[in-house]
1. I'd like to verify a number: residues in the stretch 104-113 that are modelled with pLDDT of 90 or more and not charged (D, E, K, R), how many?
2. List the residue pairs whose Cβ atoms are under 6 Å apart, where the first residue sits in the stretch 74-86 and is touching a residue at least 60 places away in the same chain (Cβ under 8 Å), the second is assigned to a helix (DSSP H, G or I), and the two are 6 or more positions apart or on different chains.
3. For residues in the stretch 68-83 being within 15 Å of the chain's Cα centre (by Cα) and assigned to a loop (DSSP other than H, G, I, E, B), which is surrounded by the most Cβ atoms within 10 Å (Cβ to Cβ)?
4. Where residues in the stretch 1-18 are out of contact with any Leu (no Cβ under 8 Å at 6 or more places or on another chain) and buried (at least 16 other Cβ atoms within 10 Å of the Cβ), which of them is nearest to residue 133 (Cα to Cα)?
5. Check whether at least one residue in the stretch 91-102 is closer than 23 Å to residue 135 by Cβ and more than 14 Å from the chain's Cα centre (by Cα), and report yes or no.
6. Name every residue in the stretch 84-114 that is surrounded by 15 or more Cβ atoms within 10 Å (Cβ to Cβ), aliphatic (A, V, I, L, M) and part of a helix (DSSP H, G or I), in order of residue number.
7. Could you list all residues from the stretch 19-56 that are surrounded by fewer than 16 Cβ atoms within 10 Å (Cβ to Cβ) and under 25 Å from residue 70 (Cα atoms)?
Amino acid sequence: MSLRSPRERLCQTLAYEAGGLILAVPIYLIYSGASAGEGVLVMLAVTTAVLLWCPLHNSVFDWVDLRLTGRAASDRPHRWRILHACSYELSTTIVTLPVLVWLGGLGVLEAVPLETGLTAIYAVYAYVFHLWYDRLRPVGGLGAADPAAPAPVPCYGATPAGSGMTEIDILPDPWVISLAWAR
């Protein structure tokens, strides 16, 4: 297996979001002045939006990393971990900002600094969490210490000589990704 299974990805996502709620709810309450009940409700809505986004982002990022380098996510070097955490948090902003505005009753100009602060905190949290998670639950079958690890799969535009493979053959099939999550 070269990527996390849908079940493993769900476990990873739920653990990540549970820790994130512990961080985010107090920050939201302090910034917004909302009641505890309202703050928890808004942050649960934000978390729900992120729960839908998280597996897609992580699966695509892991797939690209695997295709470009041939390594599993659990073997990712720190530079790539920083890129992963930042790309995740920046893309999540697009998903969560409308929720903060709509449910949180904040104006866009009020929500942007809150979102920026949460994004900075979550970027550090994402880095630490995924480093910890990958050490605790490494992706099986691949790794630097695994002598059976396959050679890196070429990226778009470069195909193995004599393989009969075209550029299209090494691009992800969105239906395969969708069907894997439907199981």
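The values are calculated or read from the model by the stated rules, or taken from the named source; none is laboratory data. Predicted, not measured: the structure shown is a model, and the values here were computed from it. Virtual Cβ from ideal backbone geometry, glycine too; neighbours counted across all protein chains shown.
1. 6
2. 74/134
3. 72
4. Filtering first and then ranking leaves 12.
5. No.
6. Within the stretch 84-114, 85, 95, 97, 99, 100, 101, 111, 112, 114 qualify.
7. 56
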